[in-house]
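**Student:** Could you have a look at this structure, given as structure tokens, before my questions?
The values are calculated or read from the model by the stated rules, or taken from the named source; none is laboratory data. As the structure is a prediction and not an experimental result, all values here were calculated from the model. Cβ sites come from the backbone with ideal geometry, for glycine too, and all protein chains shown count toward neighbours.
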Amino acid sequence: MINPAKIASDNADSEPRAQHNSSDFWRVGRKIDVEMPARLHHPNVLAAQSGGATEFSAERKHPVHIVDLPTKTISMTIGGLLPDQQTSKHRHNYETVIYIVEGSGVTTIEDKQVAWQAGDAIYIPVWAWHQHKNASASASCLYIACENAPLLQNLGGIALREEGES
């Protein structure tokens, strides 16, 4: 079982939060205060392997750079596929929008083939099996992926990912 308190304690940027239950519903806030984080900038994302990116890349079996900023609802990664490389088949219960910066390839989403090239964006629906493949034998691909996994993690550690057969 996932322990939300453990997740919060593992996050260096987190602070203890008040816990509420259904009897507290009437305590809905009347104003919003800015929560100004200490960090607003992640310099040179592609050069820095921060936020567990080295382990993340090894687990994913392709280069992935984590944009390490204190977002609470969305994440951004910059990933790549080497020539002829493909990701493992996988699915997750969070949405993903991918913008292709350079290269071309194909993504299989369930039983659909989606060809893409630089300048395209693709959408990965919740819990859809998918796999990305670089179409070139000589050039790499570079993409930016935005996901709402942090939202699910902050709602109680309910972000899920499952690896399939490659």
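**Student:** Restricting attention to segment 84-122, which residues are touching a Leu at 6+ places or on another chain (Cβ under 8 Å), over 27 Å from Pro150 (Cα atoms) and in a strand (DSSP E or B)?
**Tutor:** Result: Gly105, single match.
Quick grid of which residues meet (1) touching a strand residue (DSSP E or B) at 6+ places or on another chain (Cβ under 9 Å); (2) at pLDDT 80 or above; (3) part of a helix (DSSP H, G or I); (4) surrounded by 10 or more Cβ atoms within 10 Å (Cβ to Cβ):
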{"position": "Ile7", "(1), (2), (3), (4)": "no, no, yes, yes"}
{"position": "Glu15", "(1), (2), (3), (4)": "no, no, no, no"}
{"position": "Asp33", "(1), (2), (3), (4)": "no, yes, no, no"}
{"position": "Pro43", "(1), (2), (3), (4)": "no, yes, no, no"}
{"position": "Ser57", "(1), (2), (3), (4)": "yes, yes, yes, yes"}
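**Student:** Right, something else. Output the residues belonging to segment 147-161 that are buried (at least 17 other Cβ atoms within 10 Å of the Cβ) and not in a loop (DSSP other than H, G, I, E, B).
**Tutor:** Glu147, Ala149, Pro150, Leu151, Leu152, Gln153, Asn154
**Student:** Okay, next question. Return yes or no: is Pro125 out of contact with any Asp or Glu (no Cβ under 6 Å at 6 or more places or on another chain), loosely packed, with under 13 Cβ neighbours inside 10 Å, under 21 Å from Pro150 (Cα atoms) and at pLDDT 95 or above?
**Tutor:** So Pro125 passes the test.
**Student:** Determine which single condition Ile66 fails, assuming it passes every other condition in (1) modelled with pLDDT of 95 or more; (2) out of contact with any Leu (no Cβ under 6 Å at 6 or more places or on another chain); (3) hydrophobic (A, V, I, L, M, F, W, C).
**Tutor:** Here Ile66 clears every test but (1).
**Student:** Ok, one more. Please specify each residue of segment 59-83 satisfying the condition of being aliphatic (A, V, I, L, M), assigned to a strand (DSSP E or B) and under 11 Å from the mean Cα position of the chain (by Cα).
**Tutor:** Val64, Ile66, Met76, Ile78
**Student:** Given the conditions (1) loosely packed, with under 15 Cβ neighbours inside 10 Å; (2) over 11 Å from the mean Cα position of the chain (by Cα), which single one is not true for His90?
**Tutor:** Only one criterion is unmet by His90, namely (1).
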